[in-house]
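Here is the structure we will look at, set down as structure tokens.
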Amino acid sequence: MNIATGKQNIVDKIGIPSKLIWGYIGIIIFMIGDGLEQGWISPYIIEKGLSIESASMMISVYGIGTGISAWLSGVFVQILGPKRTMLIGFCIFVIGSTLFISLGVIPLNYPIMLTFYIIRGFGYPLFAYGFLVWITYRSPQAKLAAAVGWFWFVFSLGMSVIGPFYSSLVIPKIGHINTLWTSLIFVTLGGILALVVNRDTFDIKKVSNGNIQAEFLKGITIMYKNPKVTLGGVIKAINSLTLVGFAVFLPTYLEKYGFSTSEWLKLYGSLFTVAIIFNLIIGALSDRIGWRTTIAWIGGVGSAVGTLTVYYTPQLFGHNYFMMLLAMGLCGATVAGYVPLTAVVTSLAPQDKGAAMSVLNLGGGLGGFIAPAIVGIFIGPLGVGGVMWIFAILFLVGAVMTKFLTLPDEQEKIEDENKHVIGI
């Protein structure tokens, strides 16, 4: 018992709520199944005869599903509790994936792919973001950013690192379709760990007034009652631009400079490998230097620089894998600067964390729609360079927006300083 307690204390000290450790592990494995196709599904269907605009549309409708589901996740947790919310997400994902593969991808039926990809996209946010809301209620304020950083660490580790690397190893051996089917194995195992092995309890009465309609409406009313929360959701949407957008067009862009699909998958996985490392570093660092400072300078300005670096590197160095690896690494390190955003937004609405998280998750999900939509609309007339510059400008706009996400104690300090300046 003492040994177990000691391990729990170590876990708590690094920022992970020890009661939720199996949930964190389950998220890793679940997200492997969710993310193993994200780096290659677009070039795969383009290779099979669909246009890049069609691929962008498919990724966009997936973003619509994730956006709606992400918004609902926080509200669902306050109505149903996290485990029921996650179970619903698990079931939807399995059904959507099965029909997406069997009726859509195998016969290459584009309308069916669109339909069931959006259903598939509806599933994972309920599972993953439902757990994230759980974390915000379980973590002490002083370690909230670190706990959230660990969530994004395991989330990205599964979805965007292990998933793509797994695909790069398995596709040459069993093919694309069989690789897609293996996603159900990972999702099922992750669901068992997070929902069955994880035995932490959640008292729904402490976060819900029992009125389902009122709790549901909070996810909407908080947007105008607390505009700073809405602003946080907009910044979250900007945060997702390169993470989602790159997968749509960057493989085709790099192919012109001699990069193979296997190299692209490794580069894409490396971006997230760096990101998850910096998720932990920045999660802890931001508690010291300030959440808003971290988001604006590392997340906003840094991501703008990183995006343009990725675009210009192959033009300057050609098929140079090492230089491209450095460019993708820079992009991964800076995108991690948005980790404190969850801590900021939930602190702006401490009595309605679930509703605040719904808005933030909506922003993240809509980023999955906005990024490929920008690609689909602008890559024709403006080319890859135009899309990259649009992304970079939006990152800078988000950095400016961050200035207005002042927490209550910060706002009081600003008002006191202003009164002192004018002599009141």
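The values are calculated or read from the model by the stated rules, or taken from the named source; none is laboratory data. Given the structure is predicted, the values throughout are model-derived calculations rather than measurements. Note that we place each Cβ from the backbone using ideal geometry, even for glycine, and neighbour counts take in every protein chain shown. Note: areas computed on protein heavy atoms with side chains; ligands, DNA, RNA excluded. Shrake-Rupley method; radii C 1.70, N 1.55, O 1.52, S 1.80 Å.
Side notes on the structure shown:
- Solvent-accessible surface (1.4 angstrom probe) belonging to W40, in square angstrom, nearest 10: 0
- Label corresponding to Cα extents along the principal axes in Å when calculated from the structure given, among (i) 67, 47, 45; (ii) 65, 52, 45; (iii) 70, 51, 49: (ii)
- With the highest mean first, a sort of the peptides 88-94, 226-232, 331-337 on other beta-carbon atoms found within 10 angstrom per residue produces 331-337, 88-94, 226-232.
- Förster-model FRET efficiency, 35 Å R0, L326 and I377, C-beta, rounded to 0.05: 0.70
- T252 accessible area, 1.4 Å probe, all protein chains in place, Å² to nearest 10: 50
- Accessible area per residue (1.4 Å probe, heavy atoms of protein chains only) ranks S262, S54, S60 as S262, S54, S60, with the largest value leading.
- Rounded percent of accessible protein surface that carbon and sulfur make up, the range 72-160, 1.4 Å probe: 75
- Shown in residue order for the range 339-348 are the 3J(HN,Hα) couplings computed by the Karplus curve 6.51 cos²θ - 1.76 cosθ + 1.60 at θ = phi - 60°: 3, x, 4, 4, 4, 5, 5, 5, 6, 6 Hz (x for Gly and Pro).
- For the range 76-169: rounded, prolate or oblate by the Cα gyration tensor [a/c cutoff 1.5]: oblate
- Virtual spin-label span in nm between I14 and S262, 7 Å along Cα→Cβ: 3.3
- Sorting K236, K225, K48, K173 on solvent-accessible area from highest to lowest, probe radius 1.4 Å, gives K173, K225, K48, K236.
- Too-long pairs where the Cα-Cα distance tops 20 Å, listed order kept, from K143/K403; K173/K256; K218/K353; K13/K83; K173/K266: K143/K403; K173/K256; K13/K83
- Estimated 222 nm signal from helices in the chain, with DSSP H stretches of n ≥ 4 weighted -39500 (n - 2.57), rounded to 500: -26500 deg cm²/dmol
- Each label point was placed 7 Å from the Cα along the Cα-to-Cβ direction; for E53 and V197 their separation is 4.8 nm.
- Couplings for the range 120-129, taken from phi via the Karplus curve 6.51 cos²θ - 1.76 cosθ + 1.60 with θ = phi - 60°, read 4, x, 6, x, 5, x, 4, 6, 6, 6 Hz in order; Gly and Pro are left as x.
- Relative contact order %, the chain, counting alpha carbon pairs below 8 Å whose residues are six or more apart: 27
- Label-point separation, L316 to I393 (7 Å along Cα→Cβ), nm: 2.3
- The range 287-302 - phi-based ³J(HN,Hα) in whole Hz, Karplus 6.51/-1.76/1.60, Gly and Pro as x: 5, 9, 8, x, 5, 5, 4, 5, 5, 5, 8, 6, x, x, 5, x
- Length released on extending from I174 to T188, taking residue separation times 0.36 nm less the Cα-Cα span: 3.0 nm
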